[in-house]
Amino acid sequence: MVEGNEQVQGRIELAAGPGQQIAAGEITNTIVYFVPARGAPRPKPGRYSIVTRNKRFEPEVLVVPAGSTVSFPNQDEILHNVYSPSTGAGFDLGLYGEGQSAETVFNRATVVQIFCNVHHSMHADVLVAPTPWFARVDGEGRFALTGLPPGPGTLSLWHPRSGMIAREISLPLAAPLLEKLLATKPVIPEHQRKDGASYRPPAR
């Protein structure tokens, strides 16, 4: 992999859009990655895990290099059916119970939305990075990408409730960056079951 001595440091601020609220710690779901104008080397894939626990995906946001494998172990005493309707990256792992697991490979560099076909409230996002230079911001919104090559490139900023923003930059930078994202999307995106039907109302 071609590396350099440059770095990008900065801080992201997340503001609530009209009718939206932001939970404490939600800023840490922000992902930042850099692609040089001449192209990025293929990142080394790895193995990752998103657990289903208490009718939630943990973590709810994951960033992985393209080509990585993600497993979905079920730690609930109920059945789950993990699936994604994302165009060009969709999958369906079928129903499986407590103590079982299923996995899939994320080859396409994109954002993959993940749901449970049984429980409407379950939602996760996997950002599949096309570059080895990516980071998740900390609780203060700060990030640092190191070992970057000098010259122009694109810095992409993404949060599941704001979408993707691209900034053209050239390294080295004169100062740290400050960027603001606006959360305009709901916590749980509108979606249907994998067959297009509506979810059943939760039992009272």
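Here, each number is a calculation from the coordinates, and none is a lab measurement. Keep in mind that this is a model prediction, so the values were computed, not measured. As a convention, Cβ positions derive from the backbone with ideal geometry for all residues, glycine included, and neighbour counts pool all protein chains shown.
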Computed label-point distance, nm, for sites Ala144 and Leu173 using a 7 Å Cα→Cβ extension: 1.3 nm
Local electrostatic count, Pro73, Cβ distance below 12 Å [Lys/Arg +1, Asp/Glu -1]: -3
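Among the DSSP beta bridges whose two residues both lie in the chain, what percent are antiparallel, rounded to the nearest 5?
Numbers: 42 of 58 bridges.
In the chain, DSSP labels about 70 percent of beta bridges as antiparallel.
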Chain lengthening between Val118 and Ile165 when straightened (0.36 nm per residue, less Cα-Cα): 13.7 nm
Pairwise label distance in nanometres, Arg53 with Gln20, each label 7 Å out on the Cα-Cβ vector: 2.8 nm
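Using the Cα centre of segment 44-130 as the reference point, and only Cβ charges (+1 on K/R, -1 on D/E), how large is the resulting charge dipole? Debye, rounded to the nearest 20.
Numbers: 6 positive and 8 negative charges, 57 e Å.
Charge dipole, segment 44-130, about its Cα centre: 280 debye, nearest 20.
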Hypothetical label at His191: residues of segment 111-135 whose amide nitrogen lies under 12 Å (7 Å Cα-Cβ projection): 112-126
Among (i) 51, 17, 15; (ii) 33, 27, 16; (iii) 32, 20, 14, the entry that matches semi-axes √(5λ) of the Cα gyration tensor in Å as calculated here: (iii)
Karplus-derived HN-Hα couplings along segment 76-93 (A = 6.51, B = -1.76, C = 1.60, θ = phi - 60°), whole Hz, x at Gly and Pro: 9, 8, 9, 7, 10, 9, 7, 8, 9, x, 4, 4, x, 9, x, 7, 9, 8
Amide proton proximity set for His80, modelled H, under 5 Å, gap of 5+: Tyr96
Potential lengthening between Lys44 and Thr154 on full extension [0.36 nm per residue; Cα-Cα distance subtracted]: 37.6 nm
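How long is the gain from Ser71 to Ser101 if the chain were fully straight, where each residue apart is worth 0.36 nm and the alpha carbon distance is subtracted?
On the way: separation 30, 0.36 × 30 = 10.80 nm, distance 0.67 nm.
Working it through step by step, the gained length comes to 10.1 nm.
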